[in-house]
Amino acid sequence: MKFMGQLEKSAPGAWKHDLLASVVVFLVALPLCMGIAIASGVPPAAGLITGIVGGLITGALSGCPLQVSGPAAGLAVIVYELVQKFGLAALGPIVVLAGLFQLGAGLLKAGQLFRAISPSVIHGMLAGIGVLIFSAQFHVMVDDKPRENGIQNLLSIPGAVQKGLWPVDGSSHHLAAFLGLSTILILIAWAKLAPKKLKWVPGALVAVAFATGMAKILALPVRYVDLPDDLLGTIQFPSLTVLQGAFNPDMLLAAATVAFVASAETLLSATAVDQMHDGPRTQYDKELRSQGIGNMIAGLAGGLPMTGVIVRSATNVAAGAQTRLSAMMHGLWLLLLVAAVPFLLRLVPTASLAAVLVYTGYKLVNPENVKRLLRYGGAPVFIYAATLVMIVATDLLTGILVGLACSLLKVVYGLTHMEVRVRNNGVQRIDLDIVGAATFIRMPKLLDALESLPRDEEVHVHLHGLIYIDHACMDAISNWERQRSSRGAKVVVEWEELMAKYMRGSALSPA
């Protein structure tokens, strides 16, 4: 196979680096696969299935060799809503359809289109997802159920805190909260205080292992991971009737939403991975096709939808991975673990996994993104905020569409906006700066500015800030210059620059 040929061309001994990296990625992926499944409202086995498929199948076919695929926190919110609306049985067909959409998009070479999404929308989407994950998993962290929507989850957080501090009617919410808080504190402490020799051990694994050991030693009456003895035996392929039922408009829209968000997150992650190493660059259409195939298989096996995930991918690169073999082996380790010792995973308290996701949700919000966007003005921050707020207040698809609409409006504004700035420099001279796009739409504003100038003063027209001018405005400036000059007033127009901008604009315009 082609990918095996690529492995053979890698540097001698690369497999040793890939082996170590695969173990590190496996340790990161293990708690996340189960935690994301619980956050999605499905059994933990579904997350593990997707992690296995993401490693063994998608990893083998990936267009971004060092990217790791698996269940993603960014899709947990969507999946939870889909399970509530359509039921667990419908999730598999929806994921299969989403994979089919991705495969088709990859075959049509649409992978590059996803790179054109505004960073403001992407960061707003991730922040909105982070808020939703944080608010929902905060309740799971105290062994309670999330509320119906993001707003209710946020508003009921004080109640969850109260349950965690003051138990009522003999409940064990406070014990779950203790495990959750311990998990978060260890996560933070490990990142700052871990010995250098142990830095390669993921903080999430250390925190969950500590909480698991504490729960076992103290025999705490909290909720634990529910995992079957025979994971493979639980796989139930959707029947033909169920698959046919997926072709109704509501489920098609749901599948398209999953496909869009998964593709955007995957290709954004792939772009970030490319910046972390000097190896082969991402083939975006191939990556999209591999994700589609992986999601079709995961859906048929009853798993969650997958994406390329930045945390596991960054861990893979940092651990020294050199080929796709690392991502593939991490899937193999997941398979061997759940097949050989599932009883170990059943010792894990769900509050601890939820705490990992609470911390993940907090990190997704990342206020630093707002600071970076502010360097480009207020418009990107407005798009970011609109996307975030609409995701939390309504749903993920609506929020993304609002963000994209705001981005398009900004483009339209930029292509049609024009300013005429008048600077009176004294000594009977006026400098006129035309900034933006001078089109027939803005010609009345241009003419008003030109005609309002004093009739006897010298005028210099500057065009450095002009990005485009059409024939109508060119003609208007020419007529104004001729009429003003005929009255004896001096006019200086940078005609060479003006003609150059006009010719460049004409070359881009349709005939």
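The values are calculated or read from the model by the stated rules, or taken from the named source; none is laboratory data. On a predicted model such as this, the values are computed, not experimentally measured, just so you know. Using ideal geometry, Cβ is built from the backbone for each residue, glycine included, and neighbour counts are taken over all protein chains shown.
Observations, loosely collected:
- Residues of region 475-493 that are under 57 Å from the mean Cα position of the chain (by Cα) and surrounded by 14 or more Cβ atoms within 10 Å (Cβ to Cβ): Ala476, Ile477, Trp480, Glu481, Arg484, Val491, Val492, Val493.
- Flag for Gln102 being in a helix (DSSP H, G or I) and within 20 Å of the chain's Cα centre (by Cα): yes
- Any hit, region 224-233, residues being under 30 Å from Leu179 (Cβ atoms), of a type in the set (Val, Ile, Thr), touching a Leu at 6+ places or on another chain (Cβ under 8 Å) and at pLDDT 90 or above: no
- Residue satisfying all of: in region 316-342; free of Cβ contacts under 8 Å to residues at least 60 places away in the same chain and in a helix (DSSP H, G or I); farthest from Met141 (Cα to Cα) among these: Ala318
- If the condition is being assigned to a helix (DSSP H, G or I) and at pLDDT below 90, then region 46-74 contributes Ala73, Gly74.
- Some residue of region 176-198 being touching a Pro at 6+ places or on another chain (Cβ under 9 Å) and of a type in the set (Phe, Trp, Tyr): yes
- Matching residues, region 126-137, being in contact with a Ser or Thr (Cβ under 9 Å, 6 or more places away or on another chain) and either without any contact (Cβ under 8 Å) to a residue 60 or more places away in the chain or under 22 Å from Val208 (Cβ atoms) (or both): Gly130, Ile133, Phe134, Ser135, Gln137
- Tabulated pairs, region 199-220, first on the phi < 0 side of the Ramachandran plot, second among the β-branched types (Val, Ile, Thr) and outside any loop (DSSP other than H, G, I, E, B), C-beta under 6 angstrom, 6+ apart or interchain: Trp200/Val24; Pro202/Val28; Ala204/Val356; Ala207/Thr183; Ala207/Ile186; Phe210/Ile186; Ala211/Thr183
- Residues of region 168-224 that turn out to be under 30 Å from the mean Cα position of the chain (by Cα), among the charged types (D, E, K, R) and either part of a helix (DSSP H, G or I) or not assigned by TED's automatic domain parsing to the domain that holds Leu27 (or both), as a count: 1
- For region 406-426, the set of residues classified as modelled with pLDDT under 85 and of a type in the set (S, T, N, Q) consists of Thr416, Asn424, Asn425, listed by residue number.
- Phe260 passes every criterion in (1) closer than 26 Å to Ala110 by Cα; (2) of a type outside the set (Val, Ile, Thr); (3) touching a His at 6+ places or on another chain (Cβ under 6 Å) apart from (3).
- Answer residue from region 323-347, given it is buried (at least 20 other Cβ atoms within 10 Å of the Cβ) and modelled with pLDDT under 90 and is nearest to Asp226 (Cα to Cα) among those: Leu345
- Verdict on Ser478 being part of a helix (DSSP H, G or I), of a type in the set (Gly, Ala, Ser) and within 29 Å of Ile117 (Cβ to Cβ): no
- Only one of the numbered conditions (1) within 18 Å of Leu357 (Cβ to Cβ); (2) surrounded by fewer than 15 Cβ atoms within 10 Å (Cβ to Cβ); (3) modelled with pLDDT of 90 or more; (4) not aromatic (Phe, Trp, Tyr) is not met by Leu179, and that is (2).
- Among the residues of region 353-374, those that are polar (S, T, N, Q) and more than 12 Å from Ile36 (Cα to Cα) comprise Asn366, Asn369.
- Met296 of a type in the set (A, V, I, L, M, F, W, C) and crowded, with 19+ Cβ neighbours inside 10 Å: yes
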